[in-house]
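Every number here is computed from the coordinates shown, using simple stated rules; none is lab data. This structure is a prediction, so every number in the text was calculated from the model and none was measured. In this analysis, Cβ positions are derived from the backbone assuming ideal geometry, glycine residues included, and neighbour counts consider all displayed protein chains.
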Amino acid sequence: MRGRWLSLAAAAVLVAGSACQSSEPDPPKPTDAASARDGGQIRVLETGFHMTPVPATAPGMTNRAIAAVIVENTSKNQEAETTQIRIRLLDANGAPVFHLGSAEEVQVSLPWIQPGQRFGIGYILTSDEKASANRTVTTMRVDVGKSYWRSPHKAQRVAMSDLHIQPRSDGGADLRYVATLPDGAAASPSDLAFRVYLLLRDGTGKLLGGWPVGDVHPLAGRSNGGETYTAEEWKKNVPADADLGKSEVYGAYGVG
């Protein structure tokens, strides 16, 4: 395998994702297209990346980076599902630093994004190719493909709040947050789960990248979540210039 993904854990500040259960029927003919019926699209608002250290405990790994994308659904009345995006991290010569299999880019599907919703998602990319060693990413490019457009699920968005990031004296950190559904929304582990993503920024607000925290299940509409990091995990994921007070966390449904 020429490249691989790593999913780790963390957390940070506020926000939203759509719920998975609904009694609302799909429209008779959902569209699979770049644009919704009202002309809305998935628009890329921000991208960011940061080269991160290759862990000494990962023999064979030659390069590593975190990346993040913030998008917006500009449709006023249709939800976008399984939007395809292509991510390329390029060096100064325009050559891709990370591959997935034989492809020169990483192709992924976004979570379900409700009308008007702004959503951020983070990734960790690694390479075990010798050709990737000692190369630096200078440019990140994101191309948006087709989405599956349909009438929205019930307007339930999980709110991420009460963030606490506590660095420890051993170099690690503890991350905690609360996930809350709207009043009157019920949930259980079997029928409602949200994938949580952390996005990091520096002191100027520049997006640095991010990664998946894991899943949260808001039991009875509310649930505590978080992660505990060792010093090694924290150092390899969090850039030295990250301003943790500017971090963001997003919850989403529809991620495999």
R0 = 41 Å: FRET efficiency of residue 235 with residue 37, Cβ-based, nearest 0.05?
-> 0.30
First measure r as the distance between the Cβ atoms of residue 202 and residue 146, then evaluate 1/(1 + (r/R0)^6) with R0 = 35 Å and state the FRET efficiency to the nearest 0.05.
-> 0.55
What is the spin-label model distance, in nm, from residue 168 to residue 57 if the labels are put 7 Å beyond Cα along the C-beta direction?
-> 1.3
Please work out the C-alpha center-to-center distance from region 44-99 to region 210-254 and express it in whole Å.
-> 17
Cross-link list 130/236; 130/206; 146/236; 130/246: which exceed 28 angstrom alpha carbon to alpha carbon?
-> 130/206; 146/236; 130/246
Do any trypsin sites (Lys or Arg not before Pro) in region 73-127 lie in a loop, going by DSSP, with at most 11 other beta-carbon atoms within 10 Å of their beta carbon, and if so which?
-> 76
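Where Lys and Arg each count +1 and Asp and Glu each count -1, what net charge lies around residue 201 among other residues with Cβ under 12 Å from its Cβ?
Surrounding charge for residue 201 is -3.
Between residue 139 and residue 45, what length in nm is gained on full extension when 0.36 nm per residue of separation is reduced by their alpha carbon distance?
Taking 0.36 nm per residue and subtracting the Cα distance, the gain is 32.3 nm.
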Return 199, 45 ranked ascending by Cβ neighbour count within 10 Å, so the fewest neighbours appear first.
-> 45, 199
